[in-house]
1. Report in % the part of the accessible area of the range 86-131 that belongs to carbon and sulfur, leaving out ligands and nucleic acids; probe 1.4 Å.
2. What net charge do the residues around ALA91 carry, taking every other residue with its C-beta under 15 Å from that of ALA91, with Lys and Arg at +1 and Asp and Glu at -1?
3. With a 1.4 Å probe and all protein chains in place, put ASP188, ASP104, ASP329 in order of accessible area, largest first.
4. What is the extension gain from THR408 to GLU117, computed as 0.36 nm multiplied by their sequence separation minus the C-alpha to C-alpha distance, in nm to one decimal?
5. Over 20 Å between Cα atoms: which of LYS224/LYS480; LYS108/LYS129; LYS306/LYS480; LYS306/LYS478; LYS87/LYS129 fall into that group?
6. Suppose accessible area is computed on protein heavy atoms with a 1.4 Å probe; arrange HIS263, HIS190 from highest to lowest.
7. What ranking do 449-459, 472-482 get when scored by the average of other Cβ atoms within 10 Å per residue, highest first?
8. Could you work out the local net charge near SER281, counting Lys and Arg as +1, Asp and Glu as -1, over the other residues with Cβ closer than 15 Å to its Cβ?
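The values are calculated or read from the model by the stated rules, or taken from the named source; none is laboratory data. Just so we're clear, the structure is a prediction, and the values are computed from it rather than from any experiment. Reconstructed Cβ throughout: ideal geometry from the backbone, glycine too, with neighbour counts over all protein chains shown. Calculation scope for accessible area: heavy atoms of the full protein, side chains included, ligands and nucleic acids excluded. Shrake-Rupley method; radii C 1.70, N 1.55, O 1.52, S 1.80 Å.
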Amino acid sequence: MRKTLVKQYAENADGNMAMMGGLCLSLILMGAVATIDYSMATNNGGQSQNVADSLSLAAAIQMGKKIEENRGREGLTLPTEIYVEGKEYSAKDLGFAFSGLAEDTDAKVTFKYNLEENEVQATVTGYSKANFMGMMGVDKIPFSSVSTAEFPSPQIQFPVSIAMVIDNSNSMWSDEDPSAPWDQAHYDHHYNIFRNDQRKNHDTSDDMARQVPTGLEKRPPGTKQRISSLRTALTSLNDTLYDAVLGEVDQRYMRTGLIPFNHNFISSKSSRMNWGTLPASKISGMSPSGETDTSRGMDKAWNWLKNEHNQFDSTMRDDLKRYVILMTDGQNTTNRTVQIDKPGSGVWRGQVQRTRNGYTDNSRPCTQRQTRYRNIGEAGRVPYQACVAWGPPRNRWVPPATYWAWTTKRQSARPSDGRNWKEVDWVDRTRHTCDKMHKEGWTVFTIGYALTQGIFQRNLPGRPANEYWATDPTEVAKAKELLEYCATSEEHHITASNAEQLNEAFEEIGREIATDSSIRIKM
């Protein structure tokens, strides 16, 4: 049986081989035709991916513009004129042409937005023409591409106002590095001499004997004046804020103000709250003078910032973020402001200057008064009334003896004679203002600059070159305590010993403000 079948196959081999050869040739031709058509479809697929990439990016940019237009407003409006979600676009209408498409067709484009992920997806679909595969019943070959691009977060920039409360007291002329270490025994000796001289001269001033050179002072090489380093650091902060914030958006979202202070608010050197960064002329124009009272600067910051929302568009006001930067190089050295014991209590407590036996001597009236002057150190001279003529039989002048009396008043407004009042504790008013800022949710940064005990060269204009000023451990501790109290948190308090650290401190604050998720665009 097997031989018969083999024999029969051998006898019909010529016809079978011809049939199989024809079949193989047909398959080879069909493969070649399919390769040509699918090569065209592949080209269109690659082109469609490029189109999808371009359109997803264009839609993300358009979405960014919509976000910018609606910044600070609730909700988010999707594009309604172009790149509309769910609408089917023709690639040709969007400026893209494909070759080799099936007859009466064009590539279609659709967009889909994901607001949770801040993404837009572009999808391109179409059909390539099957030139040679029609014989097999295939008229067109599909292609499709998808591309996703990220657009800015809709939770972008909210308005921000920054008040910079900067110490401009006389100590800012001093070097930032001490010329000699602190010497408590030497200081006590000179301080006692100073107080004895005060009593002899009926001097009631609160000035302390800080000029206590030990003879060992030597100015450190390379040290800088504090005011010079401060100007450089504020300029650096300006640059940081501009690059990181205003470089991303226009200036209508940020306002800044400069509040230089000593024992008063120095209005002539200040820069009121305005759009953008601080004017360079105001930074370079700072000139130290007088004593130190942080409450004056912080009070002004409170008064400026509490009404800042009125400066912004009504749609932004509720989202305004307020920042205060307080920088000082020492404790408060003056007691000149009235203190409220408890906010809202209406109780004002302080000290009032009074005159003992004013203009009399043993109950005898003064018949003539004359203005005289008393030196109070670097601050100059102050006038006072002295009796120069007494009723007969005596004729001589005797300066009036003054003293401070504790007193309290209960009233809604500041006491009318408030100019004569002294604070019981000069930091209480600053603390009170900081408490109000914290309660309102403001962010307070504090910088303690050159808070080092030691003897520093003063560099006061018009004074001897080698004149020194001592900073004792108590002053350093009190200054740090107040700054730590006023800072919003431990991370918001920074210490800087020299120019480099001060520059870094201001730059760090600028970066923190700029990178706050609620005020900087996230790309």
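1. Numbers: 1020 of 2600 Å².
Result for the range 86-131: 39 percent of the exposed heavy-atom area is carbon or sulfur.
2. On the way: positive: LYS87, LYS92, LYS108; negative: ASP53, GLU88, ASP93, ASP104, ASP106.
Local charge sum for ALA91: -2.
3. Details: ASP188 65, ASP104 160, ASP329 10 Å².
Correct descending sequence by accessible area is ASP104, ASP188, ASP329.
4. Values: separation 291, 0.36 × 291 = 104.76 nm, distance 6.09 nm.
Extra length from THR408 to GLU117 when fully extended: 98.7 nm.
5. Numbers: LYS224/LYS480 22 Å; LYS108/LYS129 15 Å; LYS306/LYS480 26 Å; LYS306/LYS478 28 Å; LYS87/LYS129 25 Å.
Going by Cα-Cα distance, LYS224/LYS480; LYS306/LYS480; LYS306/LYS478; LYS87/LYS129 fall outside the 20 Å limit.
6. Largest accessible area first, the list is HIS190, HIS263.
7. Values: 449-459: 22.6, 472-482: 16.5.
Answer by packing, highest mean first, reads 449-459, 472-482.
8. Working: positive: ARG231, LYS269, ARG272, LYS282; negative: none.
That sum, taken over residues with Cβ under 15 Å, equals +4.
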